[in-house]
Structure formats: C-alpha cells, structure tokens
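Quick notes on the structure that follows.
The values are calculated or read from the model by the stated rules, or taken from the named source; none is laboratory data. Keep in mind the model is a prediction, meaning the values are calculated, not measured. In this analysis, Cβ positions are derived from the backbone assuming ideal geometry, glycine residues included, and neighbour counts consider all displayed protein chains. Remember, those area values only see protein heavy atoms, side chains included, never the ligands or the DNA or RNA. Shrake-Rupley method; radii C 1.70, N 1.55, O 1.52, S 1.80 Å.
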Amino acid sequence: MMLKTTINKGLLRCTASANILRRAFSDIQVDVEHGRGAWKTYGDVKNYSMGKYQIKTFNKISPVGLAKFPADDYDIRTGDIEAANAHAILLRSHKLKEEEIPKTCRAIARCGAGTNNVPVDRMTELGIPVFNTPGANANAVKELAICGMLLGSRRVIDGINHMSELGKQGLAKERVEKDKALFGGQEVAGKKLSVIGLGHIGSSIASTGQGLGMSLKGYDPALSIKSALQLPRQMNLTDSITSAVADADYISINIPYIKGEGGTHGIIGREIIDHLKPGAVLLNFARGELVDSEAMKEFLDNCDGRYVSDFPDDLLWDHKNCIILPHLGASTSEAEDEAASMAANTIRDFLETGTIRNSVNFPDTSLPDRPEGSVRFTVVNKNTSGMLAHITEAFAEGNINIIQQINHSRGPIAYNVVDVDTSNEDVLSFKHLQEKITMLDGVLSSRVIYGQPGFGYARNLDGEYFV
C-alpha cells in the first residue's frame, strides 16, 4: 500500500495512490518520498499515526520524562501496544534484541549511564545512534556511596542485626549499653578518600567527601576539562590507580565496565589490592566485575578492611567484612525522572534537528539552528576516505546550494549535517537526490529534516533502498 500526504498551510490530505510527501515552507514546497513498499513493512496501518514521531518504550519509563514529548508531534507506544514503525526506542534495563528494532528506527536511548543491554556494536553497523544519560543518576549513586562509606566505617548493620536478636530474646533494653563496645568504628572526618574515576559521580563523591572534612586524591586517565573544573581544588591527582589507593582510608570506584582486551574487567586486582591499607574501605557502586573477588576475599580474610557494593558476589556475599546491597544506585524517583527527561530531550534533539549529544557510538555533532527557508539533510556513512566528496558532489549535481555543513566521525562511523538553500526554488524535490545519496557505497542512512515529524528517512539495507 502506498501513501500520499500533502501538507499545505495546515491542510492535510491522505490518499493511497502515490508516495510523495509535500510540505510548504512559506512559498517553498519540499518533496520527499515516503513509504515505498507494502504497509506490512510498517506494521498495522490502523495503528499508524501519520505526522507524528512514534516512540516505543520498554520497561516502565517515568511519566515525567515521557511528558517531554509534545502530544501533537509524538505518539508514545508503551507496554504491548504495537509499534512496528517506531522512529525511536526508549528503555531502561530491558535487554534489547535486534529483532525488536524496526527498520524505521532512527535512534535508541537508554535511561541510564550503562548500555550493556543494547547491542551497540550492531547498531553502529546499522547506522543507528545509541544514547545514554550520563550524570542523570549521579546524585542518587553519590548518596548511596556516601551511605556505604558510613556503613563501612561503623558496624551499623551488624549492630542492627544484633539488637534484633536481643529483641526476640527480650534482652534489648538490658544489653543496649553493654554491647555497644562490640560495634565500634571510626569517623570519616580527617580521613583520606581516593576516588577512581572522576566523571559526574566521582566528582560529586569527591565534593561531598571534602564537605565531610576528608582529604582527597584521585585518578582518571580520561579526565575531561569539564570534569576537572568540577573537582574540589584540594583534589590531589595521581598518575595510576596504585598510587591513588596507597595510604587511602576509603576508595570509591566509579569507572565503566569494559569487556575484552584492554578493558576494565578485574581492574581492581591483586596488584592494586596489595597496596590497600589494612583497614581500607573499598566502595564499589560501579560494576561488580571491576573487582577481583578472590583477591578481595584474601585481603578481607587477613585484615579489618571492608568491601561495600550494590552488586551480587557469589564469593563475598556472606563475608563478615562485606556489605552487599541490592543494586540501588539509581533507584530513586528523582533519578528515574531525570534520566527519562534527559533521554527524551536527547531523542527530541536528534529527531527534530539532527543534533547528537550523549551518544555512546556516534560523534557529538551540532549545527546552529536551520537558517530560515532552509532544509537540513543528514547522512550516516561508514568512516572511509572520499565519502564526504561523493556526498557533496551529489548536491552539486542536483544544483542544490549548501549553506552550512559539518562532518564528524567516531571510530567506524561518520555523521554529516548539511543545510541547503531553498530561497530560489518554488518546489525543492529530494526524492531522487536522497535515493542517490543513500545508495552510495558506504552510506547507511539519510534524513531530510524540514519540520514534518516522521518523514524523510531512508536507509541502505545491503543494497536495497528503504524509505
């Protein structure tokens, strides 16, 4: 089934006879092809909301975040509602499979920092940006880490369990003063806090530690200027994890988990743990796999140190010097609201303007707002030599003037944003140009952005043109 949509000064007409979308820009009309192929490609036609971006959600996404999508331009599909032609996907912990991602999907955003539940490498191959929400849960994780630091300083949990048992025996009042000596500890004021990883969470932990009267040291080989400016001035930066943990009373790990060679699996191993002070408290609210459990158990067996984490550990879960919590880092209503809002705004920026920020597989890319009377064209391609020249040549051959453009790359992917002039045209057709550019060898997808939600997207699917 084919679709023809004509939009002119608010008038909307739909027929099933052709497949060209026309949109009026003052006195300019823009033509793009939309919907080549049968409707089964896009899902149930009865469920199709033309003129809107369709967003598919997995998991329960905060209503505060979903409210960032204007109802006039966005169709939010939650739960089991059919979304076979979704333009973007929002999710939290759902483990996303490739078969759940429709051909129409332009972007995926996770409401959280980690993207291990998204097939990022495969999405890169397909030319689909994956976004996360760095910093959205920073305060929630920071507060839990500080809580863990205080729990590791005093045997509060042991004391609670002890009093519960005494209460069952009717001895709580009798022993409340006498038994307090069993659960002594230390204050954090005046102690040394070492922070490994100084991004949003790490820098926030460092600032709070300073407020508690602690001295600070830290390590982050990828420290950005922006993050460095957020650090307390008294932070002493070191050149290795080993030097960062040496003589520290508390160590907070805040680094991402990266598998494979050169990754961070077991990065807090025996060599690092051997440099810990005998009574050091290690806080791991990042990922359980960062710590070598056997080396940590050996350390705890031979000293009075502590290990506090919100990740399960089959070897350490019942150790007397371990505190293993549920994975509560981002489990606050505020963090969920902030992450969902951040993800929604990121998706909106990308769909409506082509802007990329907070992507884990695409380069940060933005142009100023489209000049009045212009149309924006974006191209995703493999990062190979000569691609930009082929793309600009196609515009030149189509007698289309480029006003401004930007080309950024990241690893195997390149992203182009091009604004083209419409001032000398009555009708500007992108039908043939978009197909020509999209079907260039190495191009993965393209979009024409001109103010009409849901239209103007094309992909090169192994030599087949999908639009």
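The table below lists the values:
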| item | result |
| --- | --- |
| Where a residue in segment 302-325 is farther than 19 Å from D274 by Cβ and its partner, wherever it lies, is at pLDDT 95 or above and among the hydroxyl-bearing types (S, T, Y), with Cβ under 9 Å and at least six apart | D313/S293; D313/Y307; D314/S293; I323/Y307; I323/S309; I324/Y307; I324/S309; L325/S309 |
| Selection status of T378, assigned to a strand (DSSP E or B), within 26 Å of the chain's Cα centre (by Cα) and under 30 Å from R110 (Cβ atoms) | yes |
| Number of positions in segment 94-104 that are touching a residue at least 40 places away in the same chain (Cβ under 8 Å) and crowded, with 19+ Cβ neighbours inside 10 Å | 1 |
| Test: residue in segment 352-370 that is surrounded by 16 or more Cβ atoms within 10 Å (Cβ to Cβ), within 26 Å of the chain's Cα centre (by Cα) and part of a helix (DSSP H, G or I) | yes |
| The listed residue being within 10 Å of the chain's Cα centre (by Cα), under 24 Å from G354 (Cβ atoms) and open to solvent by 10 Å² or more (accessible area, probe 1.4 Å), out of P119, P134 | P134 |
| Test: residue in segment 216-239 that is part of a strand (DSSP E or B), open to solvent by 20 Å² or more (accessible area, probe 1.4 Å) and aliphatic (A, V, I, L, M) | yes |
| Enumeration of residues in segment 258-304 that are assigned to a helix (DSSP H, G or I) and among the polar types (S, T, N, Q) | S293 |
| Residue satisfying all of: in segment 302-323; within 26 Å of the chain's Cα centre (by Cα) and open to solvent by less than 70 Å² (accessible area, probe 1.4 Å); farthest from A136 (Cα to Cα) among these | D313 |
| Every pair of residues 6+ apart whose Cβ atoms lie under 9 Å, when the first sits in segment 358-384 and is at positive phi while the second is of a type in the set (S, T, N, Q) | N358/N132; N358/T133; N358/T346; G373/S26; G373/T422; G373/S423 |
| Search result, residues across segment 112-146 that are in a loop (DSSP other than H, G, I, E, B), touching a Gly at 6+ places or on another chain (Cβ under 9 Å) and hydrophobic (A, V, I, L, M, F, W, C) | A113, A136 |
| Segment 282-299, residues that are of a type in the set (A, V, I, L, M) and surrounded by fewer than 19 Cβ atoms within 10 Å (Cβ to Cβ) | A295 |
| Residue within segment 65-74 that is buried (at least 21 other Cβ atoms within 10 Å of the Cβ), aliphatic (A, V, I, L, M) and not in a loop (DSSP other than H, G, I, E, B) present | no |
| Which listed residue, of A109, A86, is outside any loop (DSSP other than H, G, I, E, B), open to solvent by less than 10 Å² (accessible area, probe 1.4 Å), among the small types (G, A, S) and on the phi < 0 side of the Ramachandran plot | A109 |
| Looking only at segment 179-199, and only at residues there that are loosely packed, with under 11 Cβ neighbours inside 10 Å and modelled with pLDDT under 90, the one that is nearest to A228 (Cα to Cα) | G184 |
| Some residue of segment 387-408 being aliphatic (A, V, I, L, M), touching a Gly at 6+ places or on another chain (Cβ under 9 Å) and either under 22 Å from G127 (Cα atoms) or open to solvent by 70 Å² or more (accessible area, probe 1.4 Å) (or both) | yes |
| Single residue of V448, V418 found to be open to solvent by less than 50 Å² (accessible area, probe 1.4 Å), touching a Phe, Trp or Tyr at 6+ places or on another chain (Cβ under 6 Å) and either part of a loop (DSSP other than H, G, I, E, B) or within 25 Å of Y74 (Cβ to Cβ) (or both) | V448 |
| Residue check, P129 touching a strand residue (DSSP E or B) at 6+ places or on another chain (Cβ under 6 Å) and modelled with pLDDT of 95 or more | yes |
| Every residue from segment 153-177 that is within 12 Å of I323 (Cβ to Cβ) and small (G, A, S) | S153 |
| Any hit, segment 144-151, residues being modelled with pLDDT of 95 or more, of a type in the set (G, A, S) and either open to solvent by 20 Å² or more (accessible area, probe 1.4 Å) or under 15 Å from F362 (Cβ atoms) (or both) | no |
| Residue count for segment 340-351, restricted to those that are in contact with a Gly (Cβ under 7 Å, 6 or more places away or on another chain) and open to solvent by 10 Å² or more (accessible area, probe 1.4 Å) | 1 |
| So S243, is it within 23 Å of the chain's Cα centre (by Cα) and not in a loop (DSSP other than H, G, I, E, B) | no |
| Per-region count, segment 147-196, residues in contact with a Gly (Cβ under 8 Å, 6 or more places away or on another chain), part of a loop (DSSP other than H, G, I, E, B) and of a type in the set (G, A, S) | 2 |
| Condition check for T78: touching a Ser or Thr at 6+ places or on another chain (Cβ under 6 Å), open to solvent by 40 Å² or more (accessible area, probe 1.4 Å) and at pLDDT below 95 | yes |
